[in-house]
C-alpha cells in the first residue's frame, strides 16, 4: 500500500499484506519442519495464531462502522501477534530450524512490527471515529 492511496478494502492495509505473507512463511516453511510430537501443541498453536491475524484484520474491517467493531478485532489481532512472537521464540529455542527463507529472529521482528502497526492503526481509527 502506498501512503497516498485510499483504503478501499482490508487488502489495501499494509499490516494485512504483511501478516498474510508471514502466515504463508510459517505454514509452508516452519510448521512442516517441526517434529511430529509437536502436532497437537506448537504446530497447532502456530497454525491457528498465524492464520488468525489476517483473518481478524479482514473481519474487523468489515465491522469498522460499528462503535467498537474494528477496535476489538485489532486488539485481538495484536494479541495473536504476541502469541506468534512467543511461539516463534519457543521454536527458535527448542529446535534448530535451518533452510527457511527468513531467520527466526527476522520472523519474530516482523510479528513485533505488525503488532506495532496494528496498535497505530487502532489509535488512528479511534481518533478518526472520535472526530466524526
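The values are calculated or read from the model by the stated rules, or taken from the named source; none is laboratory data. All values derive from a computational prediction rather than experimental measurement. Every residue, glycine as well, gets a Cβ built from its backbone with ideal geometry; the counts of neighbours run over all protein chains shown.
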*asked:* Every residue in segment 85-100 that is surrounded by 12 or more Cβ atoms within 10 Å (Cβ to Cβ) and either in a helix (DSSP H, G or I) or under 15 Å from the mean Cα position of the chain (by Cα) (or both), please.
replied: 85, 86, 87, 88, 89, 90, 91, 92, 94
*Could you list, in sequence order, the residues of segment 60-77 that are modelled with pLDDT of 95 or more, surrounded by fewer than 22 Cβ atoms within 10 Å (Cβ to Cβ) and under 13 Å from residue 125 (Cβ atoms)?*
75
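Does residue 34 meet the test of being buried (at least 17 other Cβ atoms within 10 Å of the Cβ), in contact with a helix residue (DSSP H, G or I) (Cβ under 6 Å, 6 or more places away or on another chain), over 18 Å from residue 17 (Cα atoms) and touching a residue at least 60 places away in the same chain (Cβ under 8 Å)?
So residue 34 passes the test.
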*Mind telling me which of the residues 127, 82 ends up being surrounded by fewer than 15 Cβ atoms within 10 Å (Cβ to Cβ), assigned to a helix (DSSP H, G or I), on the phi < 0 side of the Ramachandran plot and touching a residue at least 12 places away in the same chain (Cβ under 8 Å)?*
82
*Give segment 101-117 a look and list any residue that's over 17 Å from residue 27 (Cβ atoms) and not in a helix (DSSP H, G or I), or say none.*
103
*Would you check if residue 54 is exposed (fewer than 14 other Cβ atoms within 10 Å of the Cβ) and under 25 Å from residue 109 (Cα atoms)?*
no
*Taking residue 14 as the residue in question, decide whether it is closer than 18 Å to residue 120 by Cβ and in contact (Cβ under 8 Å) with a residue 40 or more places away in the chain.*
yes
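Could you run through segment 13-47 and say how many residues are closer than 17 Å to residue 115 by Cα and either touching a strand residue (DSSP E or B) at 6+ places or on another chain (Cβ under 9 Å) or in a helix (DSSP H, G or I) (or both)?
Result for segment 13-47: 12.
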_Criterion first (assigned to a helix (DSSP H, G or I) and either touching a helix residue (DSSP H, G or I) at 6+ places or on another chain (Cβ under 9 Å) or farther than 23 Å from residue 37 by Cα (or both)) does residue 57 satisfy it?_
yes
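Residue-wise test of (1) free of Cβ contacts under 8 Å to residues at least 24 places away in the same chain; (2) within 15 Å of the chain's Cα centre (by Cα).
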residue: 46; (1), (2): no, yes
residue: 49; (1), (2): no, yes
residue: 52; (1), (2): no, yes
residue: 56; (1), (2): no, yes
residue: 62; (1), (2): no, no
residue: 69; (1), (2): yes, no
residue: 73; (1), (2): yes, yes
residue: 77; (1), (2): no, yes
